[in-house]
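For reference, the structure is listed below as structure tokens.
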């Protein structure tokens, strides 16, 4: 029985989250100005409005693809299960935004589905499919956890002079440095702490691999450590430390090292990130529309 009380005979599921954030709870992921103040952006509102306009068509695209993969498909919304999770998270970790709570919720859902299904695929709501190839069969999900890395997108922040570091809390480089600090603080060497940064917009894994990752085990201590590291400037420049956040991808990178989870790195054609001012390959199998310009792919929906 799954977390919604439904029995299923299928051995695999694909799911997404469609949780609308109230205007008052939208966060500000802006970059940092040279005077140390954070820029105010309307990125969160633009994202909200884009999803309201396009979510139905994206869900139809994903559901058709799931059917091709012989997979169940579910959309997790702002229901009682999410509300209970959000209340628990807010009470346990009041410093965390609802945007981040939603991204932790996808790991919770993966863990719940792993109790019923042999194989689980998660797609962000900004993911649009452009292939009939089966994502479950194209990845080694019974021996590894399939997820995409974003190391190239972190390069600028890894190499820029610290006194010029002005990247936002959601930049891959900020997540790289945050993971680096967490692993160092846990006793890993600098070489071991120099690890990958991930994008969890697409994840595919078997039940065994999801449970091996054991994402929520020790979460309270991990977030306490993240809070401590966000105040500590003894190892890293203040410009880097101020961009640390409490995000799901930093914890994913940390936990996969901690629990020795091997990664099947999703190739770029299976996870083509669409970002302003960056070229993308038009015949890719899956587009992750990070810039939220879904109209670019209206022909696929």
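The values are calculated or read from the model by the stated rules, or taken from the named source; none is laboratory data. Quantities reported herein were computed from a predicted structural model and do not represent experimental measurements. Glycine also receives a Cβ, built like all others from the backbone with ideal geometry; neighbour counts cover every protein chain displayed.
With 278, 227 as the choices, which residue is more than 20 Å from residue 150 (Cβ to Cβ) and surrounded by fewer than 20 Cβ atoms within 10 Å (Cβ to Cβ)?
The unique qualifying residue is 227.
Residue 34 versus (1) surrounded by fewer than 19 Cβ atoms within 10 Å (Cβ to Cβ); (2) over 17 Å from the mean Cα position of the chain (by Cα); (3) modelled with pLDDT of 90 or more: which is the lone unmet condition? Of everything listed in (1) surrounded by fewer than 19 Cβ atoms within 10 Å (Cβ to Cβ); (2) over 17 Å from the mean Cα position of the chain (by Cα); (3) modelled with pLDDT of 90 or more, residue 34 misses just condition (3).
Looking at residue 121 and the list (1) modelled with pLDDT of 95 or more; (2) surrounded by fewer than 23 Cβ atoms within 10 Å (Cβ to Cβ); (3) in contact with a strand residue (DSSP E or B) (Cβ under 9 Å, 6 or more places away or on another chain), which single condition is not satisfied? Of everything listed in (1) modelled with pLDDT of 95 or more; (2) surrounded by fewer than 23 Cβ atoms within 10 Å (Cβ to Cβ); (3) in contact with a strand residue (DSSP E or B) (Cβ under 9 Å, 6 or more places away or on another chain), residue 121 misses just condition (2).
Take residue 116 and tell me if it is out of contact with any strand residue (DSSP E or B) (no Cβ under 9 Å at 6 or more places or on another chain) and either in a loop (DSSP other than H, G, I, E, B) or at pLDDT below 95 (or both). Criteria not met by residue 116. Looking at 8, 50, 3 in this structure, which one is more than 27 Å from residue 244 (Cβ to Cβ), touching a helix residue (DSSP H, G or I) at 6+ places or on another chain (Cβ under 8 Å), modelled with pLDDT under 60 and surrounded by 12 or more Cβ atoms within 10 Å (Cβ to Cβ)? Exactly one of 8, 50, 3 is more than 27 Å from residue 244 (Cβ to Cβ), touching a helix residue (DSSP H, G or I) at 6+ places or on another chain (Cβ under 8 Å), modelled with pLDDT under 60 and surrounded by 12 or more Cβ atoms within 10 Å (Cβ to Cβ), namely 3. Contact map, segment 234-263: residues that are at positive phi paired with residues that are in a helix (DSSP H, G or I) and at pLDDT 95 or above, Cβ distance under 9 Å, separation 6+ or inter-chain. Pairs shown: 260/212.
Looking only at residues in segment 76-102 that are touching a helix residue (DSSP H, G or I) at 6+ places or on another chain (Cβ under 8 Å), at pLDDT below 95 and not in a helix (DSSP H, G or I), which one is surrounded by the fewest Cβ atoms within 10 Å (Cβ to Cβ)? Looking at residues that are touching a helix residue (DSSP H, G or I) at 6+ places or on another chain (Cβ under 8 Å), at pLDDT below 95 and not in a helix (DSSP H, G or I), I get 95. Remark: residue 166 matches the filter, which requires a residue to be surrounded by 14 or more Cβ atoms within 10 Å (Cβ to Cβ), more than 19 Å from the chain's Cα centre (by Cα) and more than 24 Å from residue 224 (Cβ to Cβ).
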